[in-house]
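Heads up: the structure comes next, in structure tokens.
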């Protein structure tokens, strides 16, 4: 008898901040996924990643979209380091797992070694535990964001300016979003300019990320437009 065919899996990596992207976030995730796949007998058929995706939903991320295209109609297995690498919130994560299951796609988390899709489908108690884990991941993220905001404000009070006070568009990955804001603001022949409210809605619909990771609000866009017109 010949050797049994090795199982295939696709690796998905995501970092949600500039520091993780420029540091070791991707590398650490890749190494953890590769170690797990060797132990579990999976061959990695492809590695896909997204960086600083802001409020973009799972299915609007370019890297994740490429992954699904590579998997094709037959489905398969996606391996992530942790559940919060797939989704930013409990609701988003649950919706993604259920939607992917409809296309015969399973999610495995390296930190627990668990097939999340099977857990959701087979055992309500395990589903509840995974939801609790996602809740605490979301709480940790919110706590870090709050601490950074407080620290930046304290520094601003001391020195008058800090990194967080740099105008939007100062970082390379913000330039495409700023360019899109300029495009939306441009006067169309015979039509009035788009206002901050309409532009904020368009940015959220298209998945353009904010610096904080929260949805675009009218006041933020209004401040950017005021600076652009100065």
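Worth a mention:
- Residue match in the range 196-205 (condition: under 18 Å from residue 87 (Cα atoms) and without any contact (Cβ under 8 Å) to a residue 12 or more places away in the chain): yes
Matching residues to (1) touching a residue at least 60 places away in the same chain (Cβ under 8 Å); (2) surrounded by 15 or more Cβ atoms within 10 Å (Cβ to Cβ); (3) out of contact with any strand residue (DSSP E or B) (no Cβ under 6 Å at 6 or more places or on another chain):
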{"position": "81", "(1), (2), (3)": "yes, yes, yes"}
{"position": "88", "(1), (2), (3)": "yes, yes, yes"}
{"position": "95", "(1), (2), (3)": "no, yes, yes"}
{"position": "103", "(1), (2), (3)": "no, no, yes"}
{"position": "106", "(1), (2), (3)": "no, yes, no"}
{"position": "115", "(1), (2), (3)": "no, yes, no"}
{"position": "118", "(1), (2), (3)": "no, no, yes"}
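- Here the condition is being assigned by TED's automatic domain parsing to the domain that holds residue 13 and either over 20 Å from the mean Cα position of the chain (by Cα) or crowded, with 21+ Cβ neighbours inside 10 Å (or both); of 99, 69, 45, it holds for 45 alone.
The values are calculated or read from the model by the stated rules, or taken from the named source; none is laboratory data. Here the structure is a predicted model, which is why all the values come from computation and not from measurement. Don't worry about glycine lacking a Cβ; one is built from the backbone with ideal geometry, like all the others, and counts go over all protein chains shown.
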